Amino acid sequence: MATRHFLTLLDLTPDELDKVIQRAIELKAMRARGEVYEPMKSRVLGMIFEKSSTRTRVSFEAGMSQFGGSAIFLSPRDTQLGRGEPIEDSARVISRMLDIIMVRTFDHGQLERFAEYSQVPVINALTDDYHPCQLLADIQTYVEHRGSIRGKTVAWIGDGNNMCNSYINAARQFGFELRIACPEGFEPDAGLMAANADRVQLLRSPQEAVSGAHLVVTDVWASMGQEEEQAARMQAFAGFQVSPALMNGAAEDALFMHCLPAHRGEEISEDMLEDSRSVVFDEAENRLHAQKALMEFLLFGHR
């Protein structure tokens, strides 16, 4: 059987994604009951980090441990990747020693090259273009609180970044309408927008985007590597803050999500995370369960 990778949400079919979400919910319930489930004894996950992380490292490493396996953390200081070894050579060697690999890096093209030469499944744990693992957790969280997201309306407020690009793919794969409100010059990938014009709408008004929406999502205004743009972005994104007042324009049962870390007083108001409509900390926890379901699927298929 051909090796399956997870570089974007489009690498799995809509049916496969739905089953991964349902499996994540099952695995979460099993853990809550204290059930020991260790399908990955003697299996090893390689975790390659060029970008630092809290939730990504903890969730993958803890998930592999809970599955009875182990994980190896590799930073640029720990590998020849950081000393100029060709990605193709590193992928050939590392994948002969590991069972599954996650990569958190800047350049999506480098991730694609690594996966091309890997003998084992490769997971995108974030690139500058996409963050599909976060979308698994987000959709799982919505399903747990409100049921299927198919046919619903989602509002993305803020930068057209890797999370926004992944929400466009999610709209396609999970069947919802997406409204994106961002300042001029900060739009998501134009090709993605064109390919999904039937389900994605670009707006300049956050109020218009959230009107009647069932889910409202945002992210930091300056992502990792954009720190030098912070001041300019603060000015450009003024008026794009998500607050309880903005949420009041959404559907009565609307939820709010943020992939964290959040900058209170910038993309969200000081009190937004504590609002009753916020499910941000459930969303953060679900990185663990969704990624466990994903790793299980990539190594063993559906269970």
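Brief remarks follow.
- Yes/no for Asp198 being buried (at least 19 other Cβ atoms within 10 Å of the Cβ) and charged (D, E, K, R): no
- Entry remark, the stretch 270-288: residues being without any contact (Cβ under 8 Å) to a residue 12 or more places away in the chain and not acidic (Asp, Glu) number 2 in total.
- There is no residue in the stretch 10-23 that is closer than 15 Å to Ala115 by Cα, modelled with pLDDT of 95 or more, of a type in the set (S, T, N, Q) and in a loop (DSSP other than H, G, I, E, B).
- Identity of the residue in the stretch 122-152, touching a residue at least 24 places away in the same chain (Cβ under 8 Å), among the small types (Gly, Ala, Ser) and out of contact with any Ser or Thr (no Cβ under 7 Å at 6 or more places or on another chain), that ends up nearest to Glu26 (Cα to Cα): Ala137
- Residue list for the stretch 252-269, filter: free of Cβ contacts under 8 Å to residues at least 60 places away in the same chain and touching an Asp or Glu at 6+ places or on another chain (Cβ under 7 Å): Phe256, His258, Arg264
- Considered as a group, the residues in the stretch 85-100 that are of a type in the set (Gly, Ala, Ser) and touching a helix residue (DSSP H, G or I) at 6+ places or on another chain (Cβ under 7 Å) include one that is modelled with the lowest pLDDT, and that residue is Ser90.
- Residue among Ser223, Ser276 that is assigned by TED's automatic domain parsing to the domain that holds Ile157, hydroxyl-bearing (Ser, Thr, Tyr) and under 30 Å from Ala115 (Cα atoms): Ser223
- Reported count of residues in the stretch 245-265, each being surrounded by fewer than 16 Cβ atoms within 10 Å (Cβ to Cβ) and farther than 30 Å from Glu50 by Cβ, is 4.
- Residues of the stretch 61-84 satisfying the condition of being among the acidic types (Asp, Glu) and modelled with pLDDT under 95: Asp78
- Residues of the stretch 236-274 that turn out to be part of a helix (DSSP H, G or I), hydrophobic (A, V, I, L, M, F, W, C) and out of contact with any Phe, Trp or Tyr (no Cβ under 8 Å at 6 or more places or on another chain), as a count: 2
- Enumerated strands (runs of 3 or more DSSP E) restricted to the stretch 107-211, each holding at least 3 residues that are over 28 Å from Val93 (Cα atoms): 153-157, 177-181, 200-203
The values are calculated or read from the model by the stated rules, or taken from the named source; none is laboratory data. Keep in mind the model is a prediction, meaning the values are calculated, not measured. Methodologically, a virtual Cβ is constructed for each residue, glycine included, from the backbone with ideal geometry; neighbour enumeration extends over all protein chains shown.
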